Amino acid sequence: PVQGVSSSPAVTAHDLTLAAYSFAKLGFHEPCVFLAIARGALSVARDFTARDLQMLFVALVRAQYYDVDLLDALALQAQRRIAQFSAESLTLTLRAMAYLGMANSPFFTRSVTQLPRTILHFRPIDVTMLLNAFAAVQVRSLALFDVVTPFIMEKAPMFTPSDWISALRAYSSFGNRDVAFLSTLRLHLAIPRLSLNQVCAVLVDCSRLSFSSLSAPLVEAAMDKVTPEGSGLNADTAVQMYAALLLLGHSPGSVPDSYVSSFLGMLSSHLRGCIKASSLSLRSVVSLCYAMLLVPPGIGRNNDPFNEHPIEALVLLERCVHEASAMSGEDRLLLQIICQALEMLPWNRAALQSAHRLRLLETANLPMQSNVPVPLFMTAVGHLVPLLGSAVCWELQPWLLSSSSAEEAMSPAASAQKSDQ
């Protein structure tokens, strides 16, 4: 089949597209089949239409087939056909290219130049897919938000709760605290319709943008979905909500009559009674440890466990040390950022008093990845947004980490700029 497809003059670009898409959709992902399709596609690359390119990219993603020469040829042809892409084809192509890690493709920036024309035909799902594709590869463009944010404000009544959550995730991934977008989100997000997991997702993303205006309605919606004892509440979900509320400036017992304070106290009591450090996912351990080190417990009545954190931060740190090999690159990077962040927060004495606990990570020789991709770096930096401000997080990259991993996690442009200086 390799020789037949690659050498037959009767096989057109559209035929190869249909073959690749059909095989991928049926789950037939044999490498030899897609190798033959790749060889044939290279010889007719200039004949692919915009629709063909979108289908072929989607097929390659489904088959998880990666061929550098083929992807470069398809990306070049996509740039030539940029004006022919429909709204759906454009967003699906960008999402597939993001999945394939083609962050350096000029097609991303070329697509931004076409947005004023194509966005007129976008649906809410197209906008959220577009934003998350750019966020996945951290292609940052002010022009993108100059076009997308006014569109979201204009079409806000058409957005479903899922659309709002997806858009918020993209803005938080960029660390873009867009006041216009957040104000529109606050007015149009139907919070009572959210599930508990969706409430948790919104809280986490709001904490990354230091947007606390939704805390009270989100907590009220969460309280309607759980019992006062917290029964039916997943431990990891409870941890994520607890950490997010702490980072938003709330603390248990700080205002006794507050919905948020009462909910935090309930979460703390529930977590204290039903979990141990070993029962949490590592992602939850890192998030909870970070929030607890930076935010002290609320000041309430003496010896009132309702106002205390649910678990000792030292226990969480010890688990991070013992299970260092199982941690993801993002989690390791976040822990390393915590070490530097504590020194940048002199106003938080509780954090400074806890800083010595993080030295356990250094003495245990916690392995840190030296080639952390930029998206992972930016996601980890997103946890610092409530404390440093979204506007300065990108500029503070060289100072957040003192190790070589930070330098290598920076974009090539930033690294080149630093070398010139």
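Bear in mind that the values in this text are calculations on the coordinates, not laboratory data. None of the values given here were measured: they were computed from a predicted structure. Ideal geometry is used to build each Cβ from the backbone, glycine not excepted, and the neighbour counts take in all protein chains shown.
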### Task
Using per-residue counts of other Cβ atoms within 10 Å, averaged over each peptide, order 137-146, 211-220 from highest down.
211-220, 137-146
### Task
Take peptides 153-162, 99-108, 282-291 and line them up by average Cβ neighbours within 10 Å, highest first, as a rough protection proxy.
282-291, 99-108, 153-162
### Query
Using a simple spin-label model with points 7 Å from Cα along the Cα→Cβ vector, what separation in nm is obtained for residue 318 and residue 188?
5.0
#### Entry: Virtual spin-label span in nm between residue 76 and residue 154, 7 Å along Cα→Cβ
3.7
### Query
Can you give the extra length, in nm with one decimal, that the chain gains between residue 179 and residue 162 once fully stretched, where that is 0.36 nm per residue apart less the Cα-Cα distance?
4.1 nm
### Query
What is the Cα centroid distance between region 110-183 and region 13-59, reported in whole angstrom?
30
#### Entry: Sites residue 225 and residue 66 - FRET efficiency at Förster radius 60 Å, r taken between beta-carbons, to 0.05
0.90
### Query
Simple spin-label model, 7 Å along Cα-to-Cβ: residue 283 to residue 110 in nm?
3.4
